[in-house]
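First the structure, in the form of structure tokens, and then the observations on it.
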Amino acid sequence: MNKVFNLSILLLAVLLITCGLVGCAHGIDWVICNEPYFCGTVAEITDEYVVVNVNTDDSLYSTHPVIYASRDVEFSDISSSGIEVGFEVYVYYHGAITGENPSYVENVYGFTY
């Protein structure tokens, strides 16, 4: 009985770990369809951030008109390389937008333009 119980616990643990790992492995298409984003015009590019003037019709504009989006992105295929000042960009992110005027988003999946 004890061996069956231990084997059941082990199998349950393996199943939970596997499900947890699979749940974290989202592709870029999933991110674009399911994760929050904001849209705006690139005002400045620094070594660490892309400074975005959020579009006035974006729901974030009233609380976050300017957002510093980290250039340290999770998906290299939609990184900030190639972006220039004046480009309209979509910034896909997760987590909180912190601060006000300016605001910061550190957890960036990537940029599209």
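The values are calculated or read from the model by the stated rules, or taken from the named source; none is laboratory data. The shown structure was predicted, so the numbers you read here are calculated from the model rather than taken from an experiment. Counting neighbours? That spans all protein chains shown, and the Cβs are built from the backbone with ideal geometry, glycine included. These area figures cover heavy atoms from the full protein model, side chains too; ligands, DNA and RNA do not enter into them. Shrake-Rupley method; radii C 1.70, N 1.55, O 1.52, S 1.80 Å.
List of remarks:
- For segment 47-86, a residue qualifies if it is more than 16 Å from the chain's Cα centre (by Cα), closer than 12 Å to residue 113 by Cα and crowded, with 16+ Cβ neighbours inside 10 Å, and exactly one does: 83.
- Test for residue 105: is it open to solvent by 40 Å² or more (accessible area, probe 1.4 Å), aliphatic (A, V, I, L, M) and at pLDDT 95 or above: no
- Looking across segment 38-60, just one residue is of a type in the set (Phe, Trp, Tyr) and out of contact with any Asp or Glu (no Cβ under 9 Å at 6 or more places or on another chain), and that is 49.
- Selection within segment 87-96 - of a type in the set (A, V, I, L, M, F, W, C) and open to solvent by less than 30 Å² (accessible area, probe 1.4 Å): 89, 91
- Filtered residue count, segment 73-95, keeping only those that are touching a helix residue (DSSP H, G or I) at 6+ places or on another chain (Cβ under 9 Å) and among the aliphatic types (A, V, I, L, M): 1
- Against the conditions (1) modelled with pLDDT under 85; (2) within 18 Å of the chain's Cα centre (by Cα); (3) not aliphatic (A, V, I, L, M), residue 5 satisfies every one except (2).
- Top-ranked residue in segment 30-67 [being among the acidic types (Asp, Glu) and in contact (Cβ under 8 Å) with a residue 24 or more places away in the chain; ranked as farthest from residue 108 (Cα to Cα)]: 44
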